[in-house]
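I have placed the structure first, in the form of structure tokens, so that the comments after it can refer back to it.
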Amino acid sequence: MKIFYLIENKNKFYVLTVFFLALLLLPGCQEQGVEQEKELLVYCGITMIKPMTEIAGIIEEKYDCKVLITKGGSGNLLKSIKANMMGDLYLPGSGSYIQAALEQGLVTDTVHVGFNKAAMMVKKGNPRNIPDTLDSMADSNFYVVIGNPESGSIGRETKKILAKKGIFTEVAENVQMMTTDSKDLVRVIKDDEADLVINWYATSIWPENRESISVLPISGEYAGKKKLIIGLLRFSRYPDISKVFMEYASSTEGRAIFNKYGLYDVK
């Protein structure tokens, strides 16, 4: 009751500061009070946010914890992990980022949960009649946008595809801009800011996108299936629950959830 009385007086900011500092400086206070809820921090590439959110809800209910998901371009997420040295799980849009995290000692364990595959995308119905060939990416008659290879998995994959085709330099000279991630590549098509992009196929089948986007498939010769791999971060505060999350995501039930969002049985 004394604390509530002091909060009402003119020095309330000072009193609150002292009160909370006291809690931080006295470890025993937390042990004597109610145990804090366990919170997992998951770094997730944007294309995988839907299945990961669904699985997070299942884990939260079963294990009485909270799962916080931070989303973004896979490359930017890896930079955040290295800078912050905190978190529990990392799911980028390409296995190359997991390999980098393993080599840098940031990830200690991994599981395979699904697949990504890139495709060209245009406005629904292809009103510009763009030919379904990679050479269209270098055609100056079309307004072309690609992902930045430095910030996200789709940008890195796009560069690999075009380099394998031998036209990356031509396309780079033709593009109007580079975006950070798959979400923005969807946006530029929807908002008529681009005629043609390369994006992850899964984004085209989501309910909010399927009526706005048509897919022009890329030959498997250039765009193969890419494994989606979850990594356990070395500094995870809750490795036991994190491993349960990984096990469920890689199980038959978990893979069915990834498949529902176009991220497993990719043709």
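The values are calculated or read from the model by the stated rules, or taken from the named source; none is laboratory data. Bear in mind that the values here come from a model prediction, so they are computed numbers and not experimental data. Note: ideal-geometry Cβ built from the backbone for every residue, glycine included; neighbour counts use all protein chains shown. Side chains are part of the model used for accessible areas, which takes the heavy atoms of the whole protein and leaves out ligands, DNA and RNA. Shrake-Rupley method; radii C 1.70, N 1.55, O 1.52, S 1.80 Å.
One table, with the values for the structure above:
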| read-out | value |
| --- | --- |
| Peptide ranges 207-213, 167-173, 183-189 listed from the most packed, as the mean C-beta count within 10 angstrom indicates | 183-189, 167-173, 207-213 |
| The chain: antiparallel DSSP beta bridges as a percent of all, rounded to 5 | 55 percent |
| Across 50/243; 226/260; 160/243; 164/267; 66/117, pairs whose alpha-carbon gap is larger than 27 Å | 160/243; 66/117 |
| Pairwise Cα inverse-distance average, inverted: Kirkwood Rh of the chain (Å) | 20.5 Å |
| The chain, accessible area per residue, ligands and nucleic acids excluded (1.4 Å, Å²) | 52 Å² |
| Relative contact order [Cα under 8 Å, 6+ residues apart], the chain, whole percent | 27 percent |
| Karplus-derived 3J(HN,Hα), 6.51/-1.76/1.60, for each residue of region 203-215, Hz, glycine and proline x | 5, 6, 9, 5, x, 6, 10, 5, 8, 10, 10, 10, 9 |
| 18 Å Cα-Cα reach of residue 79 towards lysines, excluding residues that sit fewer than 8 places from it in its own chain | 71 |
| Exposure of residue 264 as accessible area (Å², to 10), given a probe of 1.4 Å and all protein chains | 60 Å² |
| Portion, in percent, of the accessible area of the chain that falls on carbon or sulfur, probe 1.4 Å | 52 percent |
